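Structure first, commentary second.
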Amino acid sequence: MADLRIQYAKTSDGVNIAYAQFGEGVPLVYAPGAYGLGVHNYSELAYSRGNVDSLVANGFRVIRYDSRGAGSSDRDNLDYSLDTSVFDLEAVVERLGLDRFVLVGHLHSARAAIAYTVRHPQHVTHLVLGDPWTSRADLDAIYPGSAVIDAMLPLAAEQWELVSLNAAAIGLGIVDLEVTTEFAKAIRSGITVESFVAQQKALDAIDSSGLLGSVQVPTLVIVDKAVPGRTADPAARWSVHMKKIAAAIPDARLETTDDFAAAVAAFVHVDKITVARSESGAASALQTILFTDLVGHTEMMSRLGDERGRAVLREHERITREVLAAYGGTEVKSMGDGFMASFGSV
């Protein structure tokens with residue numbers, strides 16, 4: 001944590017959200033996981049740290065942040081809803097001025113990632129959902145024992161260590177005692193008892209399942225076999241559930257993997273020649289750079305109006321990205337009515 005540079009973004013409802021950046025390359029926003037685990041717990045969790053380090057090695061500039069009420073973000077705002085989760089994400093994106101980026105929602109944060117993507121499809125190049133669930137019904141189907149955590153809430157203040165240990169074991173499906181203890185410690189470090197109780201009580205009201213059919217960007221749903229301590233049975237339940245989520249999202253892909261970062265990199269088509277750096281920091285190979293521009297964009301928007309004009313732009317983006325993928329191109333930046341892309345050769 002000593003070399004971790006924490007910065008802050010302010011949400012539209014006045015909450016300070018802590019974030020940090022790792023590496024260089026394709027921008028990737030990695031939303032907080034279960035119980036607000038984000039950048040504050042980065043060095044405490046080997047699994048989280050490993051995912052971030054691997055994504056950086058695969059050519060991504062990773063942005064992690066703490067949700068409200070957690071970690072280094074403001075802890076006095078315990079308003080947990082789908083809207084406030086999106087506010088947190090919006091604040092970080094706007095503070096960094098990100099125009100186009102990959103969005104990763106893992107576990108709990110999948111709901112906010114889905115909602116953000118539906119509201120702001122122009123900003124998300126690819127959506128990655130790692131072990132996602134979208135509603136309380138989803139959670140109960142995946143972890144039949146999740147109701148036990150609700151039953152323990154009255155004991156949280158007096159038995160915080162025991163309750164957090166059960167939350168790690170039941171809420172994350174981990175049976176390995178050493179790994180469970182590590183996650184429980186991270187939970188206690190990242191949130192207060194009051195925040196934990198508020199988050200748990202808010203679960204019933206947060207539901208993004210109705211938004212799945214409205215996702216209009218390339219989407220990858222991942223079943224992560226590398227989650228520490230995960231047994232075969234929970235993994236099997238996840239697989240069945242993930243198929244339902246992937247099927248509900250137009251043209252989504254489903255992948256089961258033990259290498260989360262490599263799956264993300266392959267899906268996003270990161271050109272490793274483009275992002276690879278030599279020891280001196282220079283690019284390792286020459287590249288062909290392509291710029292595209294939609295002719296008559298301003299006139300078209302005026303003629304069609306905002307809604308119909310945006311529909312044309314979305315179709316233009318879909319076609320362009322399909323061509324880039326087919327010919328090994330890498331999207332560097334989207335400017336709304338045009339693209340900057342790179343290729344390994346002319």
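For the peptides 259-265, 318-324, residues were scored by their other Cβ atoms within 10 Å and the scores averaged per peptide; the highest-first order is 259-265, 318-324.
Each stretch of four or more DSSP H residues adds -39500 (n - 2.57); spread over every residue of the chain, this sum gives -12500 deg cm²/dmol at 222 nm.
THR84 sits among other residues whose Cβ lies under 9 Å from its own Cβ, and their net charge, with Lys and Arg +1 and Asp and Glu -1, is -3. Heavy-atom accessible surface of region 109-152, averaged per residue, reaches 26 Å², computed with a 1.4 Å probe. The peptide list 51-62, 101-112, put in order of mean Cβ contacts within 10 Å with the highest first, becomes 101-112, 51-62. Using R0 = 30 Å, the C-beta based FRET efficiency linking ILE319 and ASN16 works out to 0.15. Pick out the long, greasy-scoring helices in the chain: whole DSSP H runs spanning 15 Å or more along their own axis by Cα, mean Kyte-Doolittle at least -1.0. What comes out of the filter, once short or polar helices are dropped, is 46-57, 82-96, 177-190, 232-248, 306-326. For the peptides 126-134, 306-314, residues were scored by their other Cβ atoms within 10 Å and the scores averaged per peptide; the highest-first order is 126-134, 306-314.
Overall, the accessible surface of the chain at a probe of 1.4 angstrom is composed of carbon and sulfur to the extent of 54 percent.
Taking all protein chains as shown and a probe of 1.4 angstrom, ILE222 keeps an accessible surface of around 0 Å².
If only the Cβ of Lys and Arg carry +1 and only the Cβ of Asp and Glu carry -1, the dipole of region 78-188 around its Cα centre is close to 260 debye. Among the GluC sites (Glu not before Pro) within region 158-228, those in coil by DSSP and having at most 16 neighbouring Cβ atoms inside 10 Å are GLU158. The stretch between GLU161 and ASP53 holds 36.0 nm of extra length on full extension. This uses 0.36 nm per residue minus the Cα-Cα distance.
Applying Stokes-Einstein at 4 °C and 1.567 mPa s to the Kirkwood radius of the chain, computed over alpha-carbon pairs, gives a translational diffusion coefficient of 62 µm² s⁻¹. Relative contact order, whole percent, for region 1-146 stands at 25, derived from Cα pairs under 8 Å and 6 or more residues apart. Rounded to the nearest 5, what % of DSSP beta bridges with both residues in the chain are antiparallel? Counting only bridges with both partners in the chain, antiparallel ones make up about 45 percent.
The values are calculated or read from the model by the stated rules, or taken from the named source; none is laboratory data. Just so it is clear, the model here is predicted, and its values are computed rather than measured. FYI the Cβ positions are ideal-geometry reconstructions off the backbone, even for glycines, and counts take in every protein chain you see. To get the accessible areas, we keep the full protein, side chains included, count just its heavy atoms, and leave off ligands, DNA and RNA. Shrake-Rupley method; radii C 1.70, N 1.55, O 1.52, S 1.80 Å.
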